[in-house]
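*Asks:* My structure is below; once you've seen it, I'll send some questions.
Read-outs throughout are calculated quantities, based only on the coordinates presented, and are distinct from any laboratory measurement. All of these numbers come straight from a predicted model, not from anything done at the bench. Note that each Cβ is placed from the backbone with ideal geometry, even for glycine, and that neighbours are counted across all protein chains shown.
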Amino acid sequence: MSDDGAGHGAGQGDATDPFAVFDAFTGSGTVRDPYPTFAALRAQSPFFRGRLEQAFGLPEMPQIMTAKSGEYLVALSWEAVSQVLLDGETFSSAGYGESMGLVMGHSILEMDEPEHRTYRALVQQAFTLKAMERWERDLVAPIVHALIDRFADRRRADLVRELTFPFPIQVIAAMLGLPEDDLPEFHRRAVELISIAVDIERGFAASMALRDYFATILAERRREPKEDVISVLAHAELNGQRLTDEEVYAFLRLLLPAGAETTYRSSSNLLFGLLTHPEQMEALRADRSLMRGAIEEGLRWEAPLTGIARTATRDAVVDGVAIPEGAVVGVSLGAANRDPRRFADPDRFDIRRDARQHMAFAFGPHTCIGMHLARMETTVALNALLDRLPELRLDPEVDDVHVTGLGFRSPRALPVVFG
Ligand code: HEM
């Protein structure tokens, strides 16, 4: 379980490079392959009693939720994960308020019903099918192609640094209608916001700076709406209810980690799966009707965000295990996705399998709002790579390219050659 990385050589000292800063703060972690441990624990019980880092012999990490009772469990089976996520009344999301809420504000992530339902219906107005079609044509495709233009003639590239890392944040900035010149500053602040676990002051400073930045734009859009997400949020209405400015800021701050970090990692993971299974890459190149299945299988096989959490509001029994009121229940999306009771031969990457019921986007009331967007972004990026880079393969001169991390997983680099 060592992490020697595939080595892009970026150190923590390089404060001008968003990838280096991001990588240093979020840390790809030291766990290279958590799945054998998940499998061994799940074979004993659908829940692990304790905090996940204990199962991996790691030092204590900052928790995304704290148990007042001191009791921690982690749901590992597909059945346990789906039951916990489906029952938002017994398993509350409010505990996020003590961690992420500090920098993000009171966001949708930490809301329970009925507040969550109303808020979600309001923000969902920004994610319509029509908006998706416009984003695909006007934002995502041009951004992806412009990034590929920079390396298409070179015959080699690192697809993480040159494509999968930069493109989702550019898409979000464009969806929000931010001026292009603001992108570097926006990206830096977004990265610093996520760094809260290791640098509290920096995280808070970024949170305030983003609030001030969004305040100016929100005021403009309230006066004069445009076609972007901030304008939709500024004017969204449901039964006479509207979003307050603070609610809009909280949502916008959440979009950065929720929409950019996950999509960067999931598209990297799918590319890793295809590059290490060249026969499946070629099958997909030849038959794009396999794309949908490939994207779901990438998300199942290597979920970019492997765990979320809930707090038990009352005693409950889940998949045969008693959960005491007050316990924090970690929800291992990664373990559920490799549960052999749900997916046959779960460690095998197979774009032809039926992976639709995976848990990478969670389940129940908080199911990811951006899942259609994430799928569309990945489809555009992958189609562009397959169309433009013939004979795309891992660079044979670089050894040991691999996925790494415990909470978040992805390869640190994808060195490829083509053409
Ligand atoms: C592959 C990419 C993505 C993955 C794997 C992913 C995963 C998740 C997961 C697991 C949750 C549930 C969190 C919880 O309940 O504790 C979630 C919620 C959410 N995601 Fe995503 N996400 C992705 C992309 C996106 C994108 C592109 C956006 C928007 C631009 C987005 C916006 C959100 C929001 C707003 C929520 C909160 C929903 C709620 O609480 O009701 N996500 N996502």
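*Asks:* Could you give the length gained on full extension between Lys130 and Glu227, defined as 0.36 nm per residue of separation minus the Cα-Cα distance, in nm?
*Replies:* 33.8 nm
*Asks:* Now a separate question. Rounded to the nearest 0.05, what FRET efficiency is calculated for Arg154 and Val321 with R0 set to 60 Å and r the Cβ-Cβ distance?
*Replies:* Step by step, r from the Cβ atoms, then E = 0.65.
*Asks:* Name the residue, out of Asn337, Asn383, Asn239, whose mean-square fluctuation peaks in a Gaussian network model built on the chain with Cα pairs under 10 Å.
*Replies:* The residue with the greatest mean-square fluctuation here is Asn239.
*Asks:* Please label the shape of region 91-135 as rounded, prolate or oblate, based on the square roots a ≥ b ≥ c of the eigenvalues of the alpha-carbon gyration tensor (a/c under 1.5 means rounded; beyond that, a/b larger than b/c means prolate, else oblate).
*Replies:* prolate
*Asks:* Quick one: order Thr128, Thr378 by neighbouring beta-carbon count within 10 Å, fewest to most.
*Replies:* Neighbour counts put them in this order, fewest first: Thr128, Thr378.
*Asks:* Regarding the chain, what whole-number volume in Å³ per residue does the convex hull of its Cα atoms give?
*Replies:* Normalising the Cα hull of the chain by residue number yields 138 Å³.
*Asks:* For the chain, what is the charge dipole size about the Cα centre, in debye to the nearest 20, if Lys and Arg each add +1 at the Cβ and Asp and Glu each add -1 at the Cβ?
*Replies:* Dipole about the Cα centre, nearest 20: 700 debye.
*Asks:* Also: Assuming 0.36 nm per residue, please report the length gained on full extension of the stretch Glu279 to Val198 beyond their Cα-Cα distance.
*Replies:* Between Glu279 and Val198, full extension yields 25.0 nm more.
*Asks:* Using the 10 angstrom Cβ neighbour count as an exposure proxy, how do Tyr213, Tyr72, Tyr264 rank, fewest first?
*Replies:* Result, fewest neighbours first: Tyr213, Tyr72, Tyr264.
*Asks:* Provide the gained length on full extension for the span Arg348 to Glu98, in nm with one decimal, where the gain is 0.36 nm per separating residue minus the Cα-Cα distance.
*Replies:* Additional length available on full extension: 86.2 nm.
*Asks:* If you take the beta carbon distance between Ser45 and Met371 as r and set R0 to 30 Å, what does 1/(1 + (r/R0)^6) give as a FRET efficiency, to the nearest 0.05? Before the final figure, lay out the partial values.
*Replies:* Working: r = 30 Å, r/R0 = 0.99.
The value I calculate is 0.50.
*Asks:* Counting only C-alpha contacts under 8 Å and six or more residues apart, can you give the relative contact order of the chain as a whole percent?
*Replies:* 28
*Asks:* A follow-up question, please. For region 280-345, calculate the relative contact order in percent as a whole number, restricting contacts to Cα pairs under 8 Å that are 6 or more residues apart. Could you put the intermediate results ahead of the total?
*Replies:* Numbers: 61 pairs, mean separation 19.2, N = 66.
Taking the mean separation of contacting Cα pairs over the length of region 280-345, I get 29 percent.
*Asks:* Say each of Ala209 and Glu180 gets a label point 7 Å from the Cα, pointing the same way as Cα to Cβ; how far apart are those two points in nm?
*Replies:* Simple spin-label model gives 2.3 nm for this pair.
*Asks:* Okay, moving on. From the phi angles alone, apply the Karplus equation (6.51, -1.76, 1.60; θ = phi - 60°) to region 238-255 and give each ³J(HN,Hα) in whole Hz, x where the residue is Gly or Pro.
*Replies:* Listing the rounded values in order: 9, 6, x, 8, 10, 7, 6, 4, 4, 5, 5, 4, 4, 5, 5, 5, 5, 4 Hz.
*Asks:* Please order Arg221, Arg51 by the number of other Cβ within 10 Å, starting at the fewest.
*Replies:* Arg51, Arg221
*Asks:* Using a Gaussian network model on the chain with a 10 Å cutoff between Cα atoms, which of Gly203, Gly405, Gly364 fluctuates the most?
*Replies:* Gly364
*Asks:* From the helices alone, meaning DSSP H stretches of at least four residues, give me the mean residue ellipticity at 222 nm for the chain, per-run term -39500 (n - 2.57), in deg cm²/dmol to the nearest 500.
*Replies:* After summing the helix terms and dividing by residue count, I get -13000 deg cm²/dmol.
*Asks:* At a Förster distance of 30 Å, what's the computed FRET efficiency of Asn239 paired with Asp138, Cβ-Cβ distance as r, to 0.05?
*Replies:* 0.40
*Asks:* Now a separate question. Which far-off residues, 5 or more places away or on another chain, put their amide H under 5 Å from the one on Ser410, with H placed in the peptide plane?
*Replies:* Thr404
*Asks:* Is the shape of region 149-229 best called rounded, prolate or oblate, per the rule: a/c under 1.5 gives rounded, else a/b larger than b/c gives prolate, else oblate, with a ≥ b ≥ c the square roots of the Cα gyration tensor eigenvalues?
*Replies:* Because a/c hits 1.5 or more and a/b fails to exceed b/c, region 149-229 counts as oblate.
*Asks:* So, one more: If I model a spin label as a point 7 Å beyond the Cα along the Cα-Cβ vector, how far apart are those points for Ala219 and Glu397 in nm?
*Replies:* The two pseudo-label positions are separated by 5.4 nm.
*Asks:* Still on this structure: Measuring from label point to label point, each 7 Å out along Cα→Cβ, what is the Lys68 to Glu115 span in nm?
*Replies:* 1.5
*Asks:* Next up: Restrict the search to region 232-316; then list the trypsin sites (Lys or Arg not before Pro) that DSSP places in a loop and that have at most 16 other Cβ atoms within 10 Å of their Cβ. Present the calculation step by step, with values, prior to reporting the outcome.
*Replies:* On the way: sites: Arg242, Arg253, Arg265, Arg285, Arg288, Arg292, Arg300, Arg310, Arg314; in loops: Arg314.
For trypsin sites (Lys or Arg not before Pro) across region 232-316 that sit outside H, G, I, E and B with at most 16 neighbouring Cβ atoms in 10 Å, the list reads Arg314.
*Asks:* To the nearest 20 debye, what is the magnitude of the charge dipole of region 219-367 about its Cα centre, counting +1 on the Cβ of each Lys and Arg and -1 on the Cβ of each Asp and Glu? Could you put the intermediate results ahead of the total?
*Replies:* Working: 20 positive and 23 negative charges, 26 e Å.
Value, rounded to 20: 120 debye.
*Asks:* Sum up the charges of everything whose Cβ sits under 12 Å from the Cβ of Pro59, counting Lys and Arg as +1 and Asp and Glu as -1, but leave Pro59 out.
*Replies:* Every neighbour counted, the sum reads -1.
*Asks:* Here's something else I'd like to know. Under the classification rounded if a/c is under 1.5, otherwise prolate if a/b is larger than b/c and oblate if not, where does region 222-342 fall, given a ≥ b ≥ c as square roots of the Cα gyration tensor eigenvalues?
*Replies:* Cα axes put region 222-342 in the oblate bin.
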